[in-house]
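I have placed the structure first, in the form of C-alpha cells, so that the comments after it can refer back to it.
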Amino acid sequence: MGYTPPDTVFGVDFSGAKEAGNSIWIAEIDGGDEPELVDCAPVAEWFDVAAERASAHRALTRQFASLDSTAAVALDFPFALPSSVVDPADWESFVREFPSLFSSPADLQRRCQSRAELTDDDRVQHVRATEEAVGALSPYNRRLRSQTFYGIRDVLRPLVLADAVRVAPMQSLAPAKPTLLETYPAAALDSLDGETHRAGYKETSEAGRKRRKANLDALSRESELTVPEPVRGRLLADAGGDGLDAVLAAFAGWRNTVDPANLDIDDSEYREEGYIYV
C-alpha cells in the first residue's frame, strides 16, 4: 500500500511538571494543500481531565493510541538519550527497559552524567547528533530531564509496547498506524523566512506579545496556514508561549509528513538516538 499523507496532525508542547495538564498544550492542524489550524488548548481543557501530571499524560496516550494512519503526532520531548550514556543495543530495547534504567528525572540526570564523565569527551553533558545539528540542549539537562523522563516512560513507552504507533525514523511506517515524530519548536521557528524571535516571545509584556505575533505571522506566511481569529487571539494572549510552541510542533509534523521521503532518515546513528524533525 502506498503512503498517504495524514489528514490531521497534532502538535504537542510537552511538560513533566506536577500540574502538567495546564502547561502541556496540544494543537490540531487539518492537512492538505491548504492547512488549517483547528484548535489549540491546554491538555486539561482539551480532554476535560485533571491537570495532575499522570492524568494529563494518560489522556495523551489514550488519544494517540486511538488514532490511525490518517493522523500524525509531533511531540517536543527527546525520544532517546545519547548512545554514549546508555547500553541497550537498539532503540526499542531502550524504550522497553527505560523504567528499569531510571527511577526519576533526577536519577536520569545523575546516571547519564556519571556515564558521560567516564568517557574521554570533555563536554559536561553529551548531546545526540540531532541536537547538535539544531542547537538543542542535552536530553538530561536539568531543564529537560523531566520532559525526557516522563515523555519516554509515560507516553512513548506505552504506545510502543502496545504497537499502537510507528515512531520515525526508528520504526518503519505502517498503513494502519499513526506516525509519531520528535520535533523542536525553536528549530522549526528558526527554519522560517522573515522576522522571527527565538527569544523573548514568552513574556507578559507588550514586547513579548509583539514577538509572538511576528512568529505566528511568519509561520502563516511560510506554510499558508489558516489560523482562525479566536485561536489566533488566544495564542497571542498566552504569555508562556506554550500554545505557539504546540502550533510550531504541529507545523513541523505537517511539513515532514507530506512526503514519506522526509521521514526516512537513512542513518544508523539517527535510528538509534532519534531525529528531530523541523
Task: Failed item in (1) in contact with a helix residue (DSSP H, G or I) (Cβ under 8 Å, 6 or more places away or on another chain); (2) under 20 Å from Ala250 (Cα atoms); (3) surrounded by 16 or more Cβ atoms within 10 Å (Cβ to Cβ), with Ser138 passing the rest - done: (2)
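From the set of residues in segment 67-88 that are of a type in the set (Gly, Ala, Ser) and farther than 17 Å from Arg157 by Cβ, which is nearest to the chain's Cα centre (by Cα)?
Ala74
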Task: First in segment 255-278 and touching a residue at least 12 places away in the same chain (Cβ under 8 Å), second anywhere and β-branched (Val, Ile, Thr), Cβ under 6 Å, 6 or more apart - done: Tyr275/Thr130; Tyr275/Ile265; Ile276/Thr130; Ile276/Val134; Tyr277/Thr183
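Somewhere in segment 169-184, is a residue assigned to a loop (DSSP other than H, G, I, E, B) and charged (D, E, K, R)? Steps first, answer last, please.
Of segment 169-184, the ones assigned to a loop (DSSP other than H, G, I, E, B) are 169-178, 184.
Pick out the ones that are also charged (D, E, K, R) and you get 177.
Yes.
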Task: Counted residues, segment 59-80 - those being surrounded by fewer than 22 Cβ atoms within 10 Å (Cβ to Cβ), β-branched (Val, Ile, Thr) and in contact with a strand residue (DSSP E or B) (Cβ under 9 Å, 6 or more places away or on another chain) - done: 1
TODO: Having 2 or more residues that are buried (at least 23 other Cβ atoms within 10 Å of the Cβ) and not charged (D, E, K, R) is the bar; report the helices (runs of 4 or more DSSP H) wholly within segment 210-278 that clear it.
DONE: 242-257
Task: Some residue of segment 96-109 being of a type outside the set (S, T, N, Q) and at pLDDT below 95 - done: no
Task: Residue count, segment 37-58 (criterion: touching a Ser or Thr at 6+ places or on another chain (Cβ under 9 Å) and either assigned to a loop (DSSP other than H, G, I, E, B) or exposed (fewer than 15 other Cβ atoms within 10 Å of the Cβ) (or both)) - done: 2
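The values are calculated or read from the model by the stated rules, or taken from the named source; none is laboratory data. Here the structure is a predicted model, which means the values were calculated and not measured. Cβ atoms come from the backbone with ideal geometry, glycine included; neighbour counts cover every protein chain shown.
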